[in-house]
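*Asks:* Quick one: structure below, then a few questions.
Read the figures in this text as sums done on the coordinates, not as results from a lab. As the structure is a prediction and not an experimental result, all values here were calculated from the model. Glycine gets a Cβ as well: all are built from the backbone with ideal geometry, and neighbour counts include every protein chain shown.
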Amino acid sequence: MEPTLTDGDEVLVRPGPATAGDIVHVRHPFRADITLIKRLTSTDGGLTVAGDNPAGSSDSRTLGVLPADHLIGRVTSVLP
């Protein structure tokens, strides 16, 4: 999520709904041991997510649209 977030930043996450444009915490669609922080771009038919650095991001371009129940919550604060 660079440049918005940098390695080592801690985030606070509020469970519940999110809207397009929010930074969200989601479960990886194929690996139960991984979660992701991404920007939500759409909620039509599931969660479409994107990284803020497209050249270095795994997001819906490679992972596909995530099921809505993969949403853990919306990032509300960043603690550097």
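*Asks:* Packing-wise, with mean Cβ within 10 Å as the measure, how do 27-36, 56-65 rank, highest first?
*Replies:* Descending packing order for the listed peptides: 56-65, 27-36.
*Asks:* Using the per-residue mean of other Cβ atoms lying within 10 Å as a proxy for protection, in what order, highest first, do the peptides 14-23, 40-49 fall?
*Replies:* 40-49, 14-23
*Asks:* Return the distance in nm (one decimal) between the two label points of a simple spin-label model at ALA55 and GLU2, each offset 7 Å from Cα along Cα→Cβ.
*Replies:* Distance between the two pseudo-spin positions: 1.1 nm.
*Asks:* While we're on this one: Assuming R0 = 25 Å, what is the FRET efficiency of THR41 and ARG14, from their Cβ-Cβ distance, to the nearest 0.05?
*Replies:* 0.85
*Asks:* In percent, how large is the relative contact order of the chain, given Cα pairs closer than 8 Å and 6 or more residues apart?
*Replies:* About 41 percent, as a whole number.
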